[in-house]
Amino acid sequence: MEKLLETAKQKVEQAEVYFLEENINLIQFENARLKNIETSLQSGFSLRIIKDNRLGFAYTRNLNDREGLIRNALTTLKANVKASFEFPLNTKQSLLDTYNPAIEKVTSSVVVEECNRIADILSSKTKGQVNLRAAFSVKTLKLINNKGTDLSLKTSNYLIYGTILYPNSYAAIHRILSFKNFEKAPDDYLDFLSSLYNRSVKEIKPESGRMKVLFMPETVYVLMWRFQSATSGEAVYQQESPLIGKINEKIFNEKITIVNDPLNEKFLEARPFDDEGTSCIFFPLVENGILKNYYFDLDYANKMNVKPTGHGFKNAQWSSEKIALKPTPSLQHLYIQPGAKSFSELLKSIDKGIIIAGALGAHSGNILNGDFSIGLSPGIYVENGEIAGYVKDAMVAGNIYQILQNVVELENEVHFTIGGMFPAVLIDDVSVVIKNR
């Protein structure tokens, strides 16, 4: 990497080299039986250059041809992508507990044995199809630039993703567990999956209407996706965000506090620096319903004449390869402050309502404007504080800046899931459409 950087510096004003290696092991169970084991080792390098205020970019799997990589990056300068920012000098890397070396000794056999144990327990407690995915990985990241920044990070992850499918349906009860090393799934996790499934397995057909809706942690990302889009420095710069000019204004119910917390070691892949070398910080976005900040990478911070906030990440959605991406403004460590009631207490407080345990079509609606319209997969109907059953062909629609004014309460604990660490969120007066014929 250092040789590549030195060579690039002779031809451009600024250069940055990024390296990522991922050793990933996947185990998949279908219908409580082992279906697949995969092991992959992926690594690569990306090079960003700035010359004459233009940005160039190229990436490669290896450094066998450094000159070729630099030529490719120089060629992309012809696209005339403007870049007036400077790569940062960062010599103060916070030390975070992101890696447990014990994971290097974990074998697929050990994880398969654990999946067999989980599958046996869940199958003995339910009649639904039990599917499991487990993954354990080690990632190594290194970033250097022409300013003298030299940062590195090693992380370890172990995930178990359990699902129980309803009969003749792809709808399922599901939840992810995350650790930095292999651990057995605790009893309360298995009890949660089997109990929620068993209490809701009966199919029912309630009436449509406006009612209470409980977003499970696994579906809160539908709401946060819209919020992230609107608070991005890119959307603010492009004058597309509905939140422009609303800093220090109330946008949600006072029970909502949202932060980006990359230094929280409970997050898998906690980060002391972003993918541009800017230091990460505890970053409040909404405090008691009041909007506090937008977030920026180097590029959009420069365009808006503000300081970068450490949110320049290679945002690899839909399984994209990270080294092939350039950093953009991104929230990777979202955290919603938990509330005061347990999941059971939230459930008992619902006179009539529906639990959104899975979402279909989360991309539907005007995302930037906060609109959403999702299919429920599943929706679980609740009446007088008790689960009555699950519903098919149901949809929930609304706008996050309207419905999040009607927050009743949040769960008193957070769970790792898609997009961050979230509690369940109970909201009143939401439109639910259920097809009964």
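The values are calculated or read from the model by the stated rules, or taken from the named source; none is laboratory data. Computed from a prediction, not measured in an experiment: that's the story for all the values here. FYI the Cβ positions are ideal-geometry reconstructions off the backbone, even for glycines, and counts take in every protein chain you see. Ligands, DNA and RNA are stripped out before the accessible areas are found, and what is left, the full protein with its side chains, is counted by its heavy atoms. Shrake-Rupley method; radii C 1.70, N 1.55, O 1.52, S 1.80 Å.
Considering only the range 75-96, I want to know if a residue exists there that is without any contact (Cβ under 8 Å) to a residue 60 or more places away in the chain, farther than 30 Å from Val306 by Cβ, part of a loop (DSSP other than H, G, I, E, B) and not aromatic (Phe, Trp, Tyr). Scanning the range 75-96, I find no residue that is without any contact (Cβ under 8 Å) to a residue 60 or more places away in the chain, farther than 30 Å from Val306 by Cβ, part of a loop (DSSP other than H, G, I, E, B) and not aromatic (Phe, Trp, Tyr), so the answer is no.
Please go through the range 361-388 and give me each residue that is under 21 Å from the mean Cα position of the chain (by Cα), open to solvent by 30 Å² or more (accessible area, probe 1.4 Å) and of a type in the set (A, V, I, L, M, F, W, C), ordered by number. Correct list: Ile367, Leu368.
Any residue at all in the range 204-225 that's closer than 30 Å to Phe179 by Cβ, part of a loop (DSSP other than H, G, I, E, B) and touching an Asp or Glu at 6+ places or on another chain (Cβ under 6 Å)? No, every residue in the range 204-225 fails to be closer than 30 Å to Phe179 by Cβ, part of a loop (DSSP other than H, G, I, E, B) and touching an Asp or Glu at 6+ places or on another chain (Cβ under 6 Å). Scanning the range 344-360 for residues that are open to solvent by less than 30 Å² (accessible area, probe 1.4 Å), under 22 Å from the mean Cα position of the chain (by Cα) and among the hydrophobic types (A, V, I, L, M, F, W, C) turns up Ile355, Ile356, Ala357, Ala359.
Output the residue which, of all residues in the range 139-150 that are in contact with a helix residue (DSSP H, G or I) (Cβ under 8 Å, 6 or more places away or on another chain) and of a type outside the set (A, V, I, L, M), is surrounded by the most Cβ atoms within 10 Å (Cβ to Cβ).
Checked the range 139-150; the qualifying residue surrounded by the most Cβ atoms within 10 Å (Cβ to Cβ) is Asn145.
For Lys392, indicate whether it is touching a residue at least 24 places away in the same chain (Cβ under 8 Å), under 29 Å from Tyr197 (Cα atoms), of a type in the set (Lys, Arg) and open to solvent by 60 Å² or more (accessible area, probe 1.4 Å). So Lys392 passes the test. If you filter the range 25-44 down to residues that are out of contact with any Leu (no Cβ under 8 Å at 6 or more places or on another chain) and among the hydrophobic types (A, V, I, L, M, F, W, C), you find that the one that is least open to solvent (accessible area, probe 1.4 Å) is Leu26. With respect to the conditions (1) small (Gly, Ala, Ser); (2) touching a residue at least 60 places away in the same chain (Cβ under 8 Å); (3) crowded, with 16+ Cβ neighbours inside 10 Å, Gly398 falls short on a single one, namely (2). For first residues located in the range 173-198 and farther than 22 Å from Ile387 by Cα, partners that are open to solvent by 40 Å² or more (accessible area, probe 1.4 Å) and of a type in the set (Gly, Ala, Ser) and lie 6+ apart or on another chain with Cβ distances below 8 Å form the pairs Asn181/Ala102; Phe182/Ala102. Of everything listed in (1) closer than 17 Å to Arg199 by Cβ; (2) open to solvent by 30 Å² or more (accessible area, probe 1.4 Å); (3) in a strand (DSSP E or B), the single unmet condition for Tyr335 is (1). Counting only residues that are of a type in the set (Gly, Ala, Ser) and on the phi > 0 side of the Ramachandran plot, the range 50-93 holds 0 of them.
Yes or no, residue by residue, for (1) basic (Lys, Arg); (2) over 25 Å from Gly358 (Cα atoms); (3) out of contact with any strand residue (DSSP E or B) (no Cβ under 8 Å at 6 or more places or on another chain):
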site	(1), (2), (3)
Tyr99	no, yes, no
Ala102	no, yes, yes
Leu141	no, yes, no
Ser156	no, yes, no
Ile164	no, no, no
Asn168	no, no, yes
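Scan the range 21-35 for residues that are within 21 Å of Ile121 (Cβ to Cβ) and in a strand (DSSP E or B) and the total you get is 7.
Scanning the range 230-272 for residues that are in a helix (DSSP H, G or I) and buried (at least 20 other Cβ atoms within 10 Å of the Cβ) yields Ala230, Thr231, Gly233, Glu234, Ala235, Val236. Checking Val432, Val425 one by one, the residue that is surrounded by 20 or more Cβ atoms within 10 Å (Cβ to Cβ) and under 30 Å from Leu268 (Cα atoms) is Val425 and no other. Each residue in the range 151-197 was checked for being open to solvent by less than 20 Å² (accessible area, probe 1.4 Å), in a strand (DSSP E or B) and of a type in the set (S, T, N, Q), and 4 pass.
Here is a yes/no grid of residues against (1) in contact (Cβ under 8 Å) with a residue 60 or more places away in the chain; (2) open to solvent by less than 10 Å² (accessible area, probe 1.4 Å):
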{"residue": "Asp274", "(1), (2)": "no, yes"}
{"residue": "Ser279", "(1), (2)": "yes, no"}
{"residue": "Phe282", "(1), (2)": "no, no"}
{"residue": "Glu287", "(1), (2)": "no, no"}
{"residue": "Phe296", "(1), (2)": "yes, no"}
{"residue": "Phe313", "(1), (2)": "no, yes"}
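Do we have Arg66 as of a type in the set (D, E, K, R), open to solvent by less than 80 Å² (accessible area, probe 1.4 Å) and modelled with pLDDT under 95 here? Yes: the conditions hold for Arg66.
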